[in-house]
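Here the structure comes first, spelled out in structure tokens, and everything after it is commentary.
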Amino acid sequence: MTSFYDALKARRAGIEQRYHDLTPTSARLAQEARRVLPGGSTRDTVIRRPHPTYIRRGEGGHLVDADGRTIVDLWFNATSLPLGHADPRVARAAREAIDGGTAFFAPTGLETDLAREICARLPSAERVRFTNSGTEAVMLAARVARAFTGRALIAKFEGSYHGAYDDVQWSVSTPGMGSPEAPAPVAASAGLLRAEGRVLMLPYNDLDATTRVLGGQASEVAAVIVEPIANRMGMVSPKPGFLAGLRELTARYRIVLVFDEVISFRLGYHGAQGLAGVMPDLTTLGKVIGGGFPVGAVAGRAEIMDVSAPDRPTRVPHAGTFTANPVTMAAGRATLEALTPAVFDELNAAGERVRQALRRVTSGLPLQITGAGSLFKISASVAELVDHRSSMRCDASWEELASLELLNEGFFLTTRLHGCVSTATRPEDLDRFVDAFGVIVRG
């Protein structure tokens, strides 16, 4: 099947030249950025070759780039905008908060309102602490779990991304090491200290192997953190019974089970845990709960979260100059209020229509369509994606080139062809996207 991938790769020069011709202003801005930003950007995830597309503004389901092109957005700032760009309800709430003052060395009550909304939606949540990013939420969750259990190790699954915190920056987009049943941690960044005594690696979607690995060091493990849908692996869903089995296993060993729902909270009104019927001890959140502003949160059982309460003699302190700032809290609450059960049904139905349409146009081709709810992913692979090692066999260069050609046609996905829909996404735009992709893969 390599000839299938080679056909698009043979057109690389022409695809890149067309992109250059369409985005001269972005090319100039990228050149200027390289003089003051390492590599030309503060966010590695937005970098693409030969240069990123610079955005002037967003409107509903569309972007307008620096060259004036209108582009259909199918990633919405890494899934963080389920209502699309500049939703009037969210914009109104944010403007009102800005007019009243953007930050205070005091609470406003808005954080209580948003925390109450989160607790009403997450079956497992009794207490909430806000942060400024998903990474910071994971860091706090790990610290809380260690304080609660008195143990040191954080167990994560090979291939899962949980932000830039040192103790979870292992085996993300790196080749698997060790046996598939007992993975060895591989540093995903320079500058990390040794993994020993800090992190334990587990095999995603293999409950038997996870039971063996975890059982051997259970007395040292403070927390197991897991994605209910594994984004970096290719939007891989857990096998039936995997999350429930993990819940039973962690309960048996009195290990704190953490669901990373920074992305998967947009899968339904009660998050991915509501759909799975599995209650973790802690949940890390971000993206959609901030209404387009920087945000993160840890939500969970009161007895665990209360190790951060100020009246504890030995506690986990947590501050942050802009944590729970009124603009983010107001925009986040407006977003969640708009995401009713009926809206989630419509959003997820649109996502399913996209996945089914993509499966039709890729039938018989070495491409996999994965995802859930309003999320989808196109992967250049002959084999089904089930874990990190299967995802590492995807042809990343083909995916990157297909993404660039889609951008030439006016559709914005990640360079690895991750996508999502919003409530502002128009059905006709999705039809055009599927048609455009069909032309790319079938000519």
Considering residues of segment 176-214 that are under 22 Å from the mean Cα position of the chain (by Cα) and among the β-branched types (Val, Ile, Thr) only, the residue nearest to Val386 (Cα to Cα)
Val186
For Ala272, the lone unmet condition from (1) in a loop (DSSP other than H, G, I, E, B); (2) of a type in the set (A, V, I, L, M, F, W, C); (3) over 19 Å from Asn132 (Cβ atoms); (4) touching a strand residue (DSSP E or B) at 6+ places or on another chain (Cβ under 8 Å) is (1)
Looking at Gly234, Gly197, can you tell me which residue is on the phi > 0 side of the Ramachandran plot, surrounded by 22 or more Cβ atoms within 10 Å (Cβ to Cβ) and either in contact (Cβ under 8 Å) with a residue 12 or more places away in the chain or not assigned by TED's automatic domain parsing to the domain that holds Val295 (or both)?
Gly234
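What strands (runs of 3 or more DSSP E) completely inside segment 59-169 contain at least 3 residues that are touching a Leu at 6+ places or on another chain (Cβ under 6 Å) and over 30 Å from Pro24 (Cα atoms)? Explain how you work it out, then say what you get.
Values: elements: 62-65, 70-73, 127-131, 153-157.
Counting at least 3 such residues, we get 153-157.
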For the condition among the aliphatic types (A, V, I, L, M), within 19 Å of Gly159 (Cβ to Cβ) and touching a helix residue (DSSP H, G or I) at 6+ places or on another chain (Cβ under 9 Å), what is the one hit in Ala209, Ala230?
Ala230
Kindly check whether there is at least one residue in segment 245-252 that is in contact (Cβ under 8 Å) with a residue 24 or more places away in the chain, outside any loop (DSSP other than H, G, I, E, B), β-branched (Val, Ile, Thr) and under 26 Å from Ala182 (Cα atoms).
yes
Where the second residue is of a type in the set (Gly, Ala, Ser) and outside any helix (DSSP H, G or I) and the first is on the phi < 0 side of the Ramachandran plot and lies in segment 1-29, which pairs have Cβ atoms under 8 Å and are six or more apart or on separate chains?
Tyr5/Ala380; Ala7/Gly443; Thr23/Ala66; Thr25/Ala66; Ser26/Ala66; Leu29/Ala66
Quick check on Asp21: is it outside any loop (DSSP other than H, G, I, E, B) and more than 17 Å from Thr53 (Cα to Cα)?
no
I'm trying to understand the selection: among the residues of segment 116-147, which are of a type in the set (A, V, I, L, M) and touching a residue at least 60 places away in the same chain (Cβ under 8 Å)?
Ile118, Leu122, Ala125, Val128, Ala137, Val138, Leu140, Ala141, Ala142, Val144, Ala145, Ala147
Hits in segment 10-43 - residues which are out of contact with any helix residue (DSSP H, G or I) (no Cβ under 7 Å at 6 or more places or on another chain) and of a type in the set (Lys, Arg)
Arg11, Arg28, Arg35, Arg43
Residues in segment 353-371 that are of a type in the set (Lys, Arg), touching a residue at least 40 places away in the same chain (Cβ under 8 Å) and touching a strand residue (DSSP E or B) at 6+ places or on another chain (Cβ under 9 Å): how many?
0
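Taking segment 401-443 as the search range and keeping residues that are of a type in the set (D, E, K, R) and not in a helix (DSSP H, G or I), which one is farthest from Arg355 (Cα to Cα)?
Residue satisfying both the conditions and the ranking: Glu409.
Do you know which of the residues in segment 15-64 that are among the β-branched types (Val, Ile, Thr) and within 24 Å of the chain's Cα centre (by Cα) is nearest to Ile440 (Cα to Cα)? Walk me through how you get there before you give the answer.
Just the residues of segment 15-64 that are among the β-branched types (Val, Ile, Thr), to begin with: 15, 23, 25, 36, 42, 45-47, 53, 55, 64.
Keeping just the survivors that are within 24 Å of the chain's Cα centre (by Cα) gives 42, 45-47, 53, 55, 64.
Numbers: Thr42: 31, Thr45: 24, Val46: 23, Ile47: 22, Thr53: 20, Ile55: 25, Val64: 23 Å.
Among them, the one singled out is Thr53.
The values are calculated or read from the model by the stated rules, or taken from the named source; none is laboratory data. Quantities reported herein were computed from a predicted structural model and do not represent experimental measurements. All Cβ positions, glycine included, derive from the backbone under ideal geometry; neighbour counts span all protein chains shown.
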